[in-house]
Structure formats: C-alpha cells, structure tokens
1. Using the structure shown, list the pairs from Lys52/Lys127; Lys99/Lys136; Lys5/Lys114; Lys114/Lys151; Lys92/Lys114; Lys92/Lys127 with a Cα-Cα distance above 24 Å, or answer none.
2. Which percent of Cα-Cα pairs in region 7-166 sits in each 5 Å bin, short to long?
3. So, in Å, what gap is there between the alpha-carbon centers of region 53-124 and region 10-31?
4. Okay, which of region 19-39 sit inside 18 Å, backbone N to the point 7 Å along the Cα-Cβ direction of Thr4?
5. Dipole size in debye (nearest 20) for the chain around its Cα centre, Lys and Arg Cβ +1, Asp and Glu Cβ -1?
6. What is the distance, in nm, between label points placed 7 Å from the Cα along the Cα-to-Cβ direction at Val87 and at Ile32?
7. Of the DSSP beta bridges with both residues in the chain, give the percent that are antiparallel, rounding to the nearest 5.
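Only the coordinates and a few stated rules stand behind these numbers; no lab work does. Note that the structure is predicted; figures quoted are calculated from it, not measured. Cβ atoms come from the backbone with ideal geometry, glycine included; neighbour counts cover every protein chain shown.
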Amino acid sequence: MSATKPFIGITLGDYNGIGPEVILKALGSQRILKWCTPVIYGSQQVIQFYRKQLDLQDWSIDSIASMEEATEGHTSLITCWDDANTVVEPGKVTPEAGKAAFTCLDRAAQDLDKGLLSALVTAPINKHNIQSEDFKFPGHTEYLTERFEAKNSLMMMVSDGFRMGVATGHLP
C-alpha cells in the first residue's frame, strides 16, 4: 500500500440521507485522483442503489476488503456490514441506517488509528438513529475526540480559498 498521494477515508453517513449522493457526486470527477486516493467506508449495495438513481455509473469503484488492498489512482469501497438485505429508503429514518453509519465510522476510525489513512471525511449522520451503547455523542466531532483521546478538537470546512474551523459543538 505504498503511495505518493494520501489515502482519504470517507464514511457513508446515514445511507437514507444525503451522504451517499454527496460522496458519489464529489467522487464522480476523476480529477480528485490527482490529489488523493479516496476510500469509501460503506456498502456496495447502497452505493450501487444511488449510482443507478443518479445515473453515475460511468466510472469504476474498486470493491476491497481492507485498506491493504487499496490502490493509488483508484476510488475504493470497503463494505462495512453484511449488506445483502439492506433496504435503502431515501428520506426515511431507520435504526438499521443508524447502526450502519456507526459501523462505517468505527471501521474508518480503526484504520485512521492504525495509520492507514491520512485523513477522514465524514458524511452526515442522523443524530438520533445513530445513538446506541457505542455512540452516545451529539455528533462525529465529539465521538472522534473521545475515540482518539484528544484534549481539544475542531471540525474543519475547507475549499479553494476558504478554510474554517467550527469552534462550537452540537447541544443534545
């Protein structure tokens, strides 16, 4: 897994929300591969559902089992749960989508902790259906802060000519 470009993990978020669409539209342009190697932590079935809905099937996504299989210059997808019976219902809040969102986030955090990723991008979660014994946080930032035992944390928003750190967090 030797690379000259950073491997960037991207979590699926709530698969019934806007996350999958935003991810696919952002990665649909192959120009992103000039700067990084994106690795989606999600579900083959969910990604295929949205690719068909959005007519975004003209580029390939490599399905891999682990980061060790990721190849520079290719977009990859790690399926994080047994998705054979996953039913995608855009706009609907379901416990299954919340559980899947946490599973993707946790798997990506593990790879980040192992040094297999250079950075992590998180797609939106539903603050209610993700709540569980393992996730009792207002949002991603608070979870990742505790997970990595950070004293302080900051959510970043970055684009060309714009860099912003969010200094406040969600209130439950």
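1. Checking Cα-Cα distances, Lys52/Lys127; Lys92/Lys114 exceed 24 Å.
2. Here the calculated profile for region 7-166 is 2, 9, 18, 23, 21, 16, 9, 2, 0.
3. Here the two parts' Cα centres lie 9 Å apart.
4. It comes to 31-38, nothing else.
5. Taking the Cα centre of the chain as origin, the dipole is about 500 debye.
6. 3.0 nm
7. 25 percent
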